[in-house]
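Only one structure is covered here, and it is reproduced in the block below.
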Amino acid sequence: MYIRNAVTQDLPAIVNIYNQSIPSRQATADTEPVTVASRLDWYRNRCSNRPLWVAIEENEILGWLSFQNFYGRPAYQHTAEISIYVQSPYHRRGIGSRLLEQAIAQSPQLQLNTLLAFVFGHNQPSLNLFSRYGFSQWGYLPDIAELDNNTRSLVILGLKLTPSPSKY
């Protein structure tokens, strides 16, 4: 398996993997499938320091990881939210781990010193994955999502990669 920057031709596979996550109600707050057309602007707004990576084996995209600016204000320029999605048949095969390892390793080159992940509280596999890589709970938003008449909580996970300059 190798990881590379996504290209436009990867978008149908990226969208397909994302849509696979919707029925489980574990990984996204979307409740209906998205389309390639609806994700074009999202894809085009990627930049060199907020990449979208795909994990590939034998010419098949098995998963992807995206970085997204946090909160869109200049003071947060060194913080990014990351999202990881893996094809359903390839869960628990280390793909998410490989993507996360690369994200952590490449963050300094991307001028990032803080990574965030927003994970549903009932998504134990994802909570476990991030925990294994040093992420800890920085916030908890109880019962803020409604999925199929069930309320769900959101856990905000964070990882500080480099110390922040202090001016005390």
Residues of the stretch 24-37 being loosely packed, with under 15 Cβ neighbours inside 10 Å and either closer than 19 Å to R93 by Cα or at pLDDT below 90 (or both), in sequence order, are S24, A29, D30, T31
Restricting to the stretch 81-97, what's the tally of residues that are in contact with a helix residue (DSSP H, G or I) (Cβ under 8 Å, 6 or more places away or on another chain), at pLDDT 95 or above and assigned to a loop (DSSP other than H, G, I, E, B)? 1
Restricting to the stretch 126-168, and then to whatever is outside any strand (DSSP E or B), within 27 Å of S88 (Cα to Cα) and modelled with pLDDT under 95, can you tell me which residue is nearest to the chain's Cα centre (by Cα)? D148
Could you tell me which of the residues L40, L100, L52, L65 is at pLDDT 95 or above, out of contact with any Gly (no Cβ under 7 Å at 6 or more places or on another chain) and farther than 17 Å from L127 by Cα? L52
Report, ordered by the first and then the second residue, all pairs with beta carbons closer than 9 Å, sequence separation of six or more or different chains, a first member in the stretch 33-57 that is over 19 Å from S21 (Cα atoms), and a second member that is small (G, A, S) and surrounded by 17 or more Cβ atoms within 10 Å (Cβ to Cβ). R46/A6; R46/S66; N49/A80; R50/S66; R50/A80; P51/A6; P51/S66
Matching residues, the stretch 1-23, being in a loop (DSSP other than H, G, I, E, B) and either surrounded by 11 or more Cβ atoms within 10 Å (Cβ to Cβ) or hydrophobic (A, V, I, L, M, F, W, C) (or both): M1, A6, V7, I22
Cβ-Cβ distance below 8 Å, separation of 6 or more or different chains: which pairs start in the stretch 123-145 with a residue that is under 20 Å from I22 (Cβ atoms) and free of Cβ contacts under 8 Å to residues at least 60 places away in the same chain and end on one that is assigned to a helix (DSSP H, G or I) and of a type in the set (A, V, I, L, M, F, W, C)? L129/L100
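Any residue at all in the stretch 92-103 that's acidic (D, E), closer than 20 Å to T28 by Cα and surrounded by fewer than 17 Cβ atoms within 10 Å (Cβ to Cβ)?
Let us first name the residues in the stretch 92-103 that are acidic (D, E), namely 101.
Cutting the leftovers down to closer than 20 Å to T28 by Cα gives us none.
No, that holds for no residue.
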For the stretch 61-80, check the following and say yes or no: at least one residue is of a type outside the set (K, R), assigned to a strand (DSSP E or B) and exposed (fewer than 15 other Cβ atoms within 10 Å of the Cβ). no
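Got a number for residues in the stretch 23-37 being over 14 Å from the mean Cα position of the chain (by Cα) and under 15 Å from H122 (Cβ atoms)?
Pass one, the stretch 23-37, residues over 14 Å from the mean Cα position of the chain (by Cα): 23-25, 30-37.
If we keep only those that are under 15 Å from H122 (Cβ atoms) too, we end up with 23-25.
Matching residues across the stretch 23-37 total 3.
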Selection from the stretch 128-152 of residues touching a strand residue (DSSP E or B) at 6+ places or on another chain (Cβ under 9 Å) and under 18 Å from E32 (Cα atoms) yields A145, E146, L147, T151, R152
Name the pairs: first residue in the stretch 100-117 and farther than 16 Å from S136 by Cβ, second residue part of a loop (DSSP other than H, G, I, E, B) and β-branched (V, I, T), Cβ to Cβ under 8 Å, at least 6 apart or on different chains? P108/T162
Got at least one residue in the stretch 104-119 being at pLDDT below 95 and closer than 18 Å to T31 by Cβ? no
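The values are calculated or read from the model by the stated rules, or taken from the named source; none is laboratory data. These figures come from a predicted structure and were not determined experimentally. We place every Cβ from the backbone using ideal geometry, glycine too, and count neighbours over all the protein chains shown.
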